[in-house]
Amino acid sequence: MTDKMTLRVLANHARAAAENMAHTLHRTAHSAFVKETQDFTVMLMDRRGDTFAVPMELGATWYPGLTYGRAIDMVGDYRPGDIAFTNDPYSGHVATHAPDTHLWKPVFSEGEIVAWTGGHIHNTDMGGAVPASLSRSLTEVHQEGLRFPPMKLVREGQFDETLMRIMETNVRKPALNIGDIKALVGALNTGERKVQAMIQRFGKTGFVDGVSLLMDQAEAEARAILRAIPDGDYIFADYADEDSDAGNPCRLHLKLSIQGDEAILDFSGSDPQLGSSLNVPSGGDPRHTILLVGVYYVLYTLNPQILLNTGLTRAFTCITPEGSVLNPVAPAAVGMRSLTCARLRSVIFGAFAQAIPDKMPAAPAGNNCILNVMTRDERHQRTVIAAVNPVVGGGGGMPHRDGTNGSGADAAYLKNTPIEITETEVPVEFLRYGLAQDTGGAGQWRGGLATELSFRVFAPDTRITARNRDRSKFRPWGILGGQSAGLAHMILNPDQPAETDLGNRDTAVLQPGDVLMIRSAGGGGRGDPYLRDPKRVARDVACGYVSQAAAAQDYGVVIDKGVVDEKETQALRQSRPLRDTMFHFGAERTAYETQWTDAAYEALNKTLGALPIHWRFFTKTEVFARMTDRKGAEGVEAALAEICTRFPELAALLEQHKHQGEA
């Protein structure tokens, strides 16, 4: 198969097959989180387990470069009708936290495996320490629920009932889990039939060779994009608010090096492996799909016709030192890796924005908060655990338009659940679900607005988990004169005498009558807001997106009775020069980086890298505790000297490392 037309026909067949798999799963899933929010994936893979086709209409968009190869090799003697599965983040590095249950099925032709169908569903709960299994507070993977290493779930068409009973016994809502798993099995069977149809049309050899060529084509398209980007090193850092419960900021640092048609993403300056569940289990794979999600978004933005498959990853190499937040070792907790991944995407966007500023947007909200409720349903005398709704923010201002409101950019795949469905399934009352005014970063192209959700509960000891809460301290950044966006908030009983700001917490226990309000961050603005067309500002005010006060303060537009006062607007806009600063991070980050400079982090990371992995997070925490009245590299050195005096074991380890280096 060498002609381009036939290859395109095969690509279209493969894409259609993946879409059919997604529709099968979507229509037959049991949990709201899969059938409404659509946290699932399906894919077709070549005989090695590399993805060559994914859907674009339904499901998550993280995995076009996922390879199942290592997990496939951990299960032997595949036969027709077999389906293997895993949800263990440290076995095969396919699953990346316990709720994600991955299945894969061999497709045979003439007695040999020619392809695989696969995918994952996010189970509502896998047991563990908290409802829904995920919280930043967890410190080891054993707390995050039941784990299955790669093994056969279905043998020649028959489910392994022993495994099913183990799951039923250990999770909080077994019917939802098993129902979703069986829906995914149906999707894999659909994919198998579609692959057989392609083999019948193109022939076995034509199909196998054609799939390989599709990978090569995706690689060529990715390399063509890189060649059009100026060579150079582009350095960017961003922060998650906390590295643990009530902890310190978690820093991700990237040096993006582009040379010709290749790129190296060096994350060596990032934080060490954390004592919380924010770690990202990449297994040290230099092309692990979870590290490259931000790259996929950039490539697709620059070429919306690009083929989405594992071939995209060949031009990129990631460096993630062992024992770091992006390459932890077991038994580090990893359940909240999606929070870190959101910041990882922001870091990648920031680096590429320096390379191609005319084509890149400002930062998206970057806090994809998934809200789960566990409560008692007095109507039906049962305990309910359910995903209520994702609370995600807007996209960053684009080169040609405003950021999408409410659910934009890299969070757009998460669908909202209609509140009528949620109120039917869960005994809560929604008070508000909509957009939050003045939360999008001001800019010539405004950032997308935040989402705000408020609801009341009726049962005692209702437990809330709000995973991926972030951006309550560090704002999504604006670019090219655009302003940073509004921060995220979670408030218990707002506008009441007992109002409590929960800060960056991701769990809460509510009592009857309590109201919880959750607001995401907004998207950053792009371009100086004084360049925004005053008519657009007036429309924003009329729509409730921007207040009249913010129109004057942020955009220099005076609105009087719904109409732009052109004279006053002109005078206000002439009161300051235009701004074109590459990044606007907000006052919070500016103040933080006055103390924690690049040099301070370099000094800290140099010491942490010299220590055994299990000492690193402890040492980082101790340094931060001693930096209250210090700043810069000198402050870090002084703090380390105090720590070595307090903990002579640490001093001995550093001395030992020094002597080993000299030897």
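Results, tabulated for the structure shown:
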item	result
Anisotropy class of segment 293-367 from Cα gyration tensor, a/c 1.5 cut	prolate
Stretch in the chain that is longest and holds no trypsin sites (Lys or Arg not before Pro) that DSSP places in a loop and that have at most 10 other beta carbons within 10 Å	1-378
Span-rule helices in the chain, defined as complete DSSP H runs reaching 20 Å or more along the axis (Cα) with Kyte mean at least 0.5	337-355
Across LYS473/LYS535; LYS4/LYS105; LYS255/LYS359, pairs whose alpha-carbon gap is larger than 27 Å	LYS473/LYS535; LYS4/LYS105
Net length gained if the chain between GLU637 and THR590 were fully extended (0.36 nm per residue, minus Cα distance)	14.7 nm
Global form of segment 319-469, assessed from the alpha-carbon gyration tensor, a/c cut-off 1.5	oblate
Karplus 3J(HN,Hα) series, Hz, for segment 394-409 with 6.51 cos²θ - 1.76 cosθ + 1.60 (x for Gly, Pro)	x, x, x, x, 9, x, 10, 6, 5, x, 5, 6, x, 7, x, 6
Stokes-Einstein D for segment 412-529, Kirkwood Rh over Cα pairs, 10 °C, 1.306 mPa s (µm²/s)	104
Set of lysines near LYS35 by C-alpha distance (under 21 Å), chain-local residues within fewer than 8 positions excluded	LYS173, LYS182, LYS415
Long-range HN-HN contacts of LEU153 with modeled amide H, under 5 Å	ILE83, ALA84, PHE85
Cut-off 15 Å between beta-carbons: net charge of the residues surrounding PHE458, Lys and Arg +1, Asp and Glu -1	-2
Fraction of beta bridges assigned by DSSP in the chain that are antiparallel (%, nearest 5)	95
Relative contact order for the chain, counting Cα pairs under 8 Å that sit 6 or more residues apart, in percent	11
THR162 paired with ASP598, simple spin-label distance in nm, labels 7 Å along Cα-to-beta-carbon	5.8
Charge context of ARG79, other residues only, Cβ under 10 angstrom, K/R +1, D/E -1	-1
Per-residue [θ]222 nm for the chain (sum of -39500 (n - 2.57) over DSSP H runs n ≥ 4, rounded to 500)	-10500 deg cm²/dmol
Inter-label distance, nm, simple model (7 Å from Cα along the C-beta direction), ASP377/ALA224	5.2
Pair-distance profile P(r), taking every C-alpha pair of segment 169-326, with 10 angstrom steps and integer %	9, 25, 27, 25, 12, 2
Extension gain (nm, one decimal) between HIS400 and ARG79, 0.36 nm per residue minus Cα-Cα	110.3 nm
Chymotrypsin sites (Phe, Trp or Tyr not before Pro) lying in DSSP loop within segment 38-80, provided at most 12 other Cβ fall within 10 Å	none
Net charge, GLU588 excluded, C-beta distance under 9 Å - Lys, Arg +1, Asp, Glu -1	+3
Under DSSP loop assignment and at most 15 Cβ neighbours within 10 Å, longest GluC sites (Glu not before Pro)-free interval of the chain	157-321
Added length on full extension, which subtracts the Cα-Cα distance from 0.36 nm per residue, GLU655 to ASN170	169.9 nm
C-alpha center-to-center spacing [segment 201-218, segment 137-190] in angstrom	33
Per residue, in Å², the accessible surface of the chain once ligands and nucleic acids are set aside, probe 1.4 Å	38
Virtual paramagnetic centre 7 Å along Cα→Cβ of ASP495, amide N under 11 Å, in segment 540-561	none
Sequence-separation-based contact order of segment 66-199, relative, with Cα cut under 8 Å and 6+ spacing, percent	26
Hypothetical label at HIS614: residues of segment 122-143 whose amide nitrogen lies under 15 Å (7 Å Cα-Cβ projection)	140-141
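The values are calculated or read from the model by the stated rules, or taken from the named source; none is laboratory data. Remember, predicted model here, so these are calculated numbers, not experimental data. Note that we place each Cβ from the backbone using ideal geometry, even for glycine, and neighbour counts take in every protein chain shown. The accessibility values were calculated without ligands, DNA or RNA, using every heavy atom of the protein model including side chains. Shrake-Rupley method; radii C 1.70, N 1.55, O 1.52, S 1.80 Å.
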